[in-house]
Amino acid sequence: MTTLQLTARFVIHDGKLDEFKKVAKACMLSTKEKDTGTLQYDWYFNSDETECRVRETYVDSDAILAHIGNLGPLLGDLLAVSDFYPELYGAPSEALVNATAALKPKIYAHFQSL
């Protein structure tokens, strides 16, 4: 199985919700226009909009690397207004692990599924 899933958890800094939403909309637009290997890209807020989760699915590790490259400075803009906690599910390539090491993703290996 080469498909990878990702949960991006953002804890939004106080007073930065409007800026976060503005950047989030730009991320969605970028993903729709540029990504070819993104299968799922869904954004969710908790009830008081202090946290956001993005549920993502990609065809493979190269698609995640392309997505990161396509977002470019938008990812930095998100990190400026929130704390970021990524979780990656599947078997990422060595290139993906190395490229995202500074983001400290938690990586979960597949065990079983229906």
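The values are calculated or read from the model by the stated rules, or taken from the named source; none is laboratory data. It should be emphasised that the depicted structure is a prediction, and the values quoted were computed from it without experimental measurement. Here Cβ is always computed from backbone atoms with ideal geometry, including for glycine, and neighbour counts include all displayed protein chains.
Here Ala91 meets the list (1) farther than 17 Å from Ile12 by Cα; (2) touching a Phe, Trp or Tyr at 6+ places or on another chain (Cβ under 9 Å); (3) surrounded by fewer than 18 Cβ atoms within 10 Å (Cβ to Cβ) almost entirely, failing just condition (2). Contact map, region 19-38: first residue within 10 Å of Leu71 (Cβ to Cβ), second residue of a type in the set (Ser, Thr, Tyr), Cβ cut-off under 7 Å, separation 6 or more or different chains; pairs are Thr31/Thr38; Thr31/Tyr41. The residue that is surrounded by the most Cβ atoms within 10 Å (Cβ to Cβ), among those in region 7-64 that are within 15 Å of Tyr85 (Cβ to Cβ) and among the charged types (D, E, K, R), is Glu56.
Could you tell me whether Asp60 is of a type in the set (Asp, Glu), farther than 26 Å from His13 by Cβ and touching a Phe, Trp or Tyr at 6+ places or on another chain (Cβ under 9 Å)? Let's see the steps before the verdict.
Values: of a type in the set (Asp, Glu): yes; farther than 26 Å from His13 by Cβ: yes; touching a Phe, Trp or Tyr at 6+ places or on another chain (Cβ under 9 Å): no.
Taking the combined requirement at face value, the residue does not satisfy it.
Each row is one residue, and each column tells you yes or no for (1) under 21 Å from Ser30 (Cα atoms); (2) at pLDDT 95 or above; (3) outside any helix (DSSP H, G or I); (4) of a type outside the set (Asp, Glu).
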| residue | (1), (2), (3), (4) |
| --- | --- |
| Ala80 | yes, yes, no, yes |
| Phe84 | yes, yes, yes, yes |
| Ala95 | no, yes, no, yes |
| Asn98 | no, yes, no, yes |
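Filtering region 35-73 to residues that are more than 13 Å from the chain's Cα centre (by Cα) and part of a strand (DSSP E or B) leaves Phe45, Glu51.
For the condition in contact (Cβ under 8 Å) with a residue 60 or more places away in the chain and hydrophobic (A, V, I, L, M, F, W, C), what is the one hit in Leu78, Leu65, Leu71? Please lay out each step first, then the result.
Details: Leu65 fails: in contact (Cβ under 8 Å) with a residue 60 or more places away in the chain; Leu71 fails: in contact (Cβ under 8 Å) with a residue 60 or more places away in the chain.
The unique qualifying residue is Leu78.
Taking (1) part of a helix (DSSP H, G or I); (2) in contact with a strand residue (DSSP E or B) (Cβ under 9 Å, 6 or more places away or on another chain) in turn, Gly76 satisfies each apart from (2).
Filter region 1-18 for residues that are in a helix (DSSP H, G or I) and out of contact with any Asp or Glu (no Cβ under 8 Å at 6 or more places or on another chain) and give the result.
Within region 1-18, just Asp18 meets the criteria.
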